[in-house]
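> Before anything else, here's the structure in question.
What follows draws every value from the coordinates through simple rules; no lab data is involved. Worth saying up front: this structure is predicted, and the values here are computed from it rather than measured. All Cβ positions, glycine included, derive from the backbone under ideal geometry; neighbour counts span all protein chains shown.
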Protein chains: 2
Amino acid sequence: MGSILRATARILTRDGYEGASTNRIAEVAGVSVGSLYQYFPSKDAIVAALIDAHCEEMFEVFRRELAAVAGADLEAAARAVVAAQIEAHKVNPKLHRVFLEQLPKVGMLKRFHEIGRRSEALVRTYLEARREEMRPANLDLAAFLLVTTVEAVTHAAVIDQPERLDDPDFIPEVTALCVRYLAKGSGPPRG
Amino acid sequence: MGSILRATARILTRDGYEGASTNRIAEVAGVSVGSLYQYFPSKDAIVAALIDAHCEEMFEVFRRELAAVAGADLEAAARAVVAAQIEAHKVNPKLHRVFLEQLPKVGMLKRFHEIGRRSEALVRTYLEARREEMRPANLDLAAFLLVTTVEAVTHAAVIDQPERLDDPDFIPEVTALCVRYLAKGSGPPRG
DNA sequence: AGAATATGTGAGTGATCGCTCACGTTTGCT
DNA sequence: AGCAAACGTGAGCGATCACTCACATATTCT
């Protein structure tokens, strides 16, 4: 069963979604198609199980790195969130890409949206604990903006432009994007 | 030919990628499959043409709204960028979603990345013209972060959580995210 | 050992798909 | 009208796919 998931992941990362027929998955896993259907009711179920495992793994990396800075100040916490997202995206970037860019079924994406919502909840908890330091009145909106932003920027960097990560300004600048948005410090002069 | 593209767009928005077989496209367009292949060499070519048209339309909306504020101050320009991205995403949200979430071919996504790069160039031009007002030293990185951020936040809102757009804080807060990142105003106290 | 059960096999099924091609139909010219 | 080129047609081809099922093999009982 694990071998089926491992074979599927390998095919997806090497040949993309098109190469992942049930016969080929069975072949690479070293079992027969019949066996494959004893463990999974459908091809979609295999992919779904793989997505679930991948999402769980990414979220676990994210959550663990965040737990370490629950009491830290804003700057340190923001830097940790950014670094955590980068690490989470390094779990299996190729597989991550296939899931987000090649899966033709919409239902599959819901699983990714869910870890987004869970990440938002973690961040909102932090923001609420330090509410008096925060400029935004609507912390729900703030958490949404931050998580969406950091995820997008991280994703674009890790998946599409890995050379960005070599830029020593990358993490500090993304951190600044978050911190300057959140902190009360004087913004631009208000009209 | 236009009818083929229109039929394809309609099927994609109504039934998703799975429903868009060449026979069905021909049927909805009111032509025969044979005719379809006189205008397009392959099914992929139809989808590609549709993507190109869609991207061009979105970028044109974005570019036009931006041209109007080329000389405006940072706050106004940022607000315009945010509003422009929202408007661009309203061109055809359902089709946009299918393109980004259901197309199984990676090659198709390159076309979306290209308008991202073009948007970055527009933004960078503005940033460079006002370089002395900007805090970030690396305006290339700044343009990348801003465009990626505003696109992601806008996309998430328009496509997945349209109720966000009803929040009167939405545009101001996204604008604040950009302006506070860019402006020289005192950031958080530096260690 | 032998029956009963669980597990594994892979050729084959039916359905779908992108695409072709032999054949009509229309159009525009002389 | 007569012809030819351009345009349109749709049954059907070959390929592929997810999935099944009759059968073989392995395992666990008594």
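> Taking the rotation axis that maps chain B onto chain A, which residue of B brings its Cβ closest to that axis, and at what distance in whole Å?
B:Ala152, 2
> Follow-up. What is the extension gain from A:Arg24 to A:Asp52, computed as 0.36 nm multiplied by their sequence separation minus the C-alpha to C-alpha distance, in nm to one decimal?
Here the segment from A:Arg24 to A:Asp52 would lengthen by 7.9 nm.
> Turning to a different aspect of this structure: I'd like the orientation of helix B:43-67 relative to chain B: the angle between its Cα long axis and the longest Cα principal axis, in ° from 0 to 90, rounded to 10.
On a 0 to 90 degree scale, this one is about 30.
> Using all alpha carbons of the protein assembly as shown, what is the percent of pairwise distances in each 20 Å bin, ordered from the shortest bin to the longest?
Going from the shortest bin to the longest, the percentages are 26, 54, 19, 1.
> Here is a follow-up. Just for the Cα atoms in the stretch B:1-40, what are the lengths along the principal axes, largest first, rounded to whole Å?
Dimensions of the stretch B:1-40 along the principal axes of its Cα atoms: 24, 16, 15 Å.
> Ok, one more. Using θ = phi - 60° and the Karplus curve 6.51 cos²θ - 1.76 cosθ + 1.60, what whole-Hz ³J(HN,Hα) does each residue of the stretch A:170-183 get, with Gly and Pro shown as x?
In residue order, the calculated couplings are 4, 4, x, 5, 5, 4, 4, 3, 6, 5, 5, 5, 7, 5 Hz.
> When only C-alpha pairs under 8 Å and at least 6 residues apart count, what is the relative contact order of the stretch A:1-40, in percent?
Working: 28 pairs, mean separation 16.5, N = 40.
Here the relative contact order equals 41 percent.
> Still on this structure, please answer the following. Past 28 Å, Cα to Cα: identify those pairs from B:Lys90/B:Lys184; A:Lys94/A:Lys184; A:Lys43/A:Lys90; A:Lys90/B:Lys110; A:Lys110/B:Lys94; A:Lys105/B:Lys90, in the order given. Walk me through the numbers before you get to the answer.
Working: B:Lys90/B:Lys184 33 Å; A:Lys94/A:Lys184 39 Å; A:Lys43/A:Lys90 26 Å; A:Lys90/B:Lys110 22 Å; A:Lys110/B:Lys94 16 Å; A:Lys105/B:Lys90 23 Å.
Violating the 28 Å limit, Cα to Cα: B:Lys90/B:Lys184; A:Lys94/A:Lys184.
> A further question on this structure: Give the nm distances, rounded to one decimal, from B:Gly19 to the matching residue in every other copy, measuring between label points 7 Å along Cα toward the beta carbon; shortest first.
Nearest first, the other copies' label points are 3.3 nm away.
> For A:Pro162, what charge total do you get from the other residues with a beta carbon under 13 Å from its beta carbon, if Lys and Arg give +1 and Asp and Glu give -1?
Summing Lys/Arg as +1 and Asp/Glu as -1 gives 0.
> In terms of the Cα gyration tensor, with a ≥ b ≥ c the square roots of its eigenvalues, is chain A rounded because a/c is under 1.5, prolate because a/b exceeds b/c, or oblate?
Prolate.
> Next question, about the same structure. Just want to confirm a number: the relative contact order over chain A, from Cα pairs under 8 angstrom separated by 6+ residues, in percent. It would help to have the intermediate numbers written out before the result.
Details: 154 pairs, mean separation 40.7, N = 191.
Once normalised by length, the contact order is 21 percent.
> In nm, what does the list of distances from A:Ala67 to its counterparts in the other copies look like, shortest first, when each label sits 7 Å along Cα to Cβ?
5.5
> To one decimal in nm, how far is B:Asp167 from the same spot in the other copies, if labels go 7 Å from Cα toward Cβ? Please give the shortest first.
For B:Asp167, the inter-copy label distances come out at 2.8 nm.
> Relative contact order for the stretch A:105-191 using alpha-carbon pairs under 8 Å, separation at least 6, rounded to a whole percent? Walk me through the numbers on the way to the answer.
Working: 37 pairs, mean separation 25.9, N = 87.
Relative CO of the stretch A:105-191 lands at 30 percent.
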